[in-house]
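What follows is a set of notes on a single structure, which appears directly below.
The values are calculated or read from the model by the stated rules, or taken from the named source; none is laboratory data. All of these numbers come straight from a predicted model, not from anything done at the bench. We place every Cβ from the backbone using ideal geometry, glycine too, and count neighbours over all the protein chains shown. Heads up: the accessible areas ignore ligands, DNA and RNA and are worked out on the full protein's heavy atoms, side chains in. Shrake-Rupley method; radii C 1.70, N 1.55, O 1.52, S 1.80 Å.
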Amino acid sequence: MSRNQTKTVISLVALFVLFLLISFKSEIFAPIKFSVARSASFPVRVVSFPLREIKKILFYHWTFDEYLRLRREIDTLTQRLMVQEEVLRENSRLEKLLSFKRNLVYSTVAANVIGRDPSNWNATVLIDKGKEHGLEVGMPVVVAQGVVGKVAEVSENISKVILLSDPSFSIAAQVLRSRESGLASGTLLGMCRMRYLSSRADIRVGDTIITSKMSTSFPEGLLIGEVISVQTHEHNPIIDCIISPAVSLSQLEEVLIIKNQ
Amino acid sequence: MTKFLFIAICSFICVVIEGLLDQNLGRWFKPNLCLCLVVFLNLFKGTHPSMVAALLAGLMKDSLSAKFFGLNMLSLAACAQVTTFLKSYIYETGSMGSRVMIVFLAALFNLLIQYAVNAMMEQIYFTEVFRYVMLPEVLATTLVAPYAFTKFKQCALRFFA
């Protein structure tokens, strides 16, 4: 091996060892990380703002049609909500009768998305709330449409949220129709994958996936997404399901963090 | 000091432009401009400036990520070392083709390091990595490299004029 090659190999090994040391003690670099993240995300937000306004003007007709559709949907959902509130009241009365106490009200914090990791390996966003607002690592993050992700890192007034579509995110999930349980994890496609379903599991395209009672961090019943593909393998005892998230993760502007359950 | 300032500003601008491209063009066009900067500095100024750029740009990218802190610093710094190694075999002064070839190989190497570390910690499938991460990033980076090099050179000449 020539001298140049030896030097390169030694440098690469030294870099890898340094990386392992930095990675295992990354909490030391937390102040630097969040200051740099805030500085890097600010110009992106400033430049993106006029582009977003221009897009709103260009897509006016589409936006107006979408507005009309959503208004009709709101009317339908309001009627359903009234029926469900009645069911909830009856449920609450029956629970009291059975002396079964459960807290149905969640304390939440609203936050704005102020930045995003542009890498294809991760799906992470920055939000403008942190420890000062009561946030902690592991808190679930949702929007009205469903699950968004969970809080991964927290500083005084900024936090990082790992999205549902990040490969390192996992959540206990179940199929709404058949109550089959599994684990929904993110993939590099920007979707989710439902794992640990047996080959006989009753799941099909179009099924709705929600959070399961077995999830320790998320309340049960929150919408995760819809199954868009089910693949069975001849010699494999498990099946592969791809889920399209209910929330449009690339267009997040505001999120809710659930502080207690 | 001037050199350090130039490298820091260029690294910052590259990270910001990558963020803008991600927000406005989506996941299919994601050139690694920080890598282009590292390779440019290595070819025109040597290993040390490219290592500084690698560490600064890597720090900024790691700050935005919620996962392994130091991974981007490691991969970009390793690419700087590999560029030093490759330029003795491939690079011809004045040849844009050889520069693009080095960028292509460096982009591939960068992604392989990221894949190796991610695969150790998470369950990811190589076919998905190839289709949704490697192909878009390597192709976009190679396509954008000649334009990026021209702009970097113009900025360097203006800064140090």
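Miscellaneous remarks
- Under a Gaussian network description of chain B, with springs only between Cα atoms under 10 Å, the residue in B:Ala140, B:Ala119, B:Ala107 that fluctuates furthest is B:Ala119.
- Region B:1-148, accessible area per residue, ligands and nucleic acids excluded (1.4 Å, Å²): 39
- Computed P(r) (all Cα pairs; region B:1-67; 5 Å bins; percent): 3, 18, 27, 24, 16, 8, 4, 0
- Using the Cβ of A:Arg177 as centre and a radius below 12 Å, the other residues enclosed give a net charge of -2, where K and R count +1 and D and E count -1.
- Accessible area buried, both sides summed, chains A and B with 1.4 Å probe, Å²: 4200
- Rg/Rh ratio calculated on Cα atoms of region B:61-138 (Kirkwood radius): 1.03
- Accessible surface of B:Thr127 - all protein chains present, 1.4 Å probe, nearest 10 Å²: 100
- Rounded percent of accessible protein surface that carbon and sulfur make up, region A:201-261, 1.4 Å probe: 47
- Residue among A:Arg38, A:Arg80, A:Arg116 with the largest mean-square fluctuation in a Gaussian network model of chain A, springs linking Cα atoms under 10 Å: A:Arg80
- For the segment B:55-64, counting C-beta atoms of other chains within 10 Å of every residue's C-beta and taking the mean gives 6.
- The mean number of partner chain beta-carbon atoms within 10 angstrom of a residue's beta-carbon across peptide A:7-13 is 4.
- Relative pair counts by distance (%), Cα atoms of region A:1-43, 5 Å bins: 5, 20, 14, 14, 14, 13, 10, 7, 3, 1
- Measuring with a 1.4 angstrom probe and ignoring ligands and nucleic acids, A:Glu95 comes out at about 20 Å² accessible.
- The protein assembly as shown, Cα convex hull volume normalised per residue, Å³: 180
- A viscosity of 0.692 mPa s and a temperature of 37 °C, combined with the Kirkwood radius over Cα pairs in Stokes-Einstein, give a translational diffusion coefficient for region A:188-260 of 237 µm²/s.
- Chain-alone versus full-assembly comparison, region A:109-127, residues with accessible loss of at least 10 Å² (1.4 Å probe): A:Arg116, A:Asp117, A:Pro118, A:Asn120, A:Trp121, A:Asn122, A:Thr124, A:Leu126
- Ordered by 1.4 Å accessible area with all protein chains kept, B:Thr2, B:Thr83, B:Thr47 run largest first as B:Thr2, B:Thr47, B:Thr83.
- Probe 1.4 Å - accessible area at B:Ser88, Å² to nearest ten: 70
- Region B:1-124, accessible surface, carbon-and-sulfur percent (1.4 angstrom probe): 70
- Per-residue mean of foreign Cβ neighbours for B:85-92 is 2 (Cβ atoms of other chains, 10 Å radius).
- Of the residues A:Glu254, B:Glu128, the one with the largest accessible area comes first in the ranking A:Glu254, B:Glu128, computed with a 1.4 Å probe on protein heavy atoms.
- Minimum 20 Å² accessible area buried by the other protein chains, region A:40-61 residues, probe 1.4 Å, relative to alone: A:Ala40, A:Pro43, A:Val44, A:Val47, A:Ser48, A:Leu51, A:Lys55
- Out of every Cα-Cα pair that region B:1-115 contains, those further apart than 23 angstrom amount to 25 percent.
- Judged by the gyration tensor of its Cα atoms, with axes a ≥ b ≥ c, region A:1-133 is oblate; a/c meets the 1.5 cut and b/c is at least as large as a/b.
- Charge dipole of the protein assembly as shown about the Cα centre (unit charges at C-beta), most positive-ward option of A:Ser165, A:Ser155, A:Gln231: A:Ser155
- Euclidean distance between Cα centres, region B:60-82 to region A:59-73, Å: 43
- Surface composition of region A:10-56: carbon plus sulfur atoms contribute 79% of the solvent-accessible area (1.4 Å probe, protein chains only, all chains present).
- Close amide H pairs (under 5 Å, H built 1.01 Å from N) link A:Glu153 with A:Lys160, residues at least 5 positions away or on another chain.
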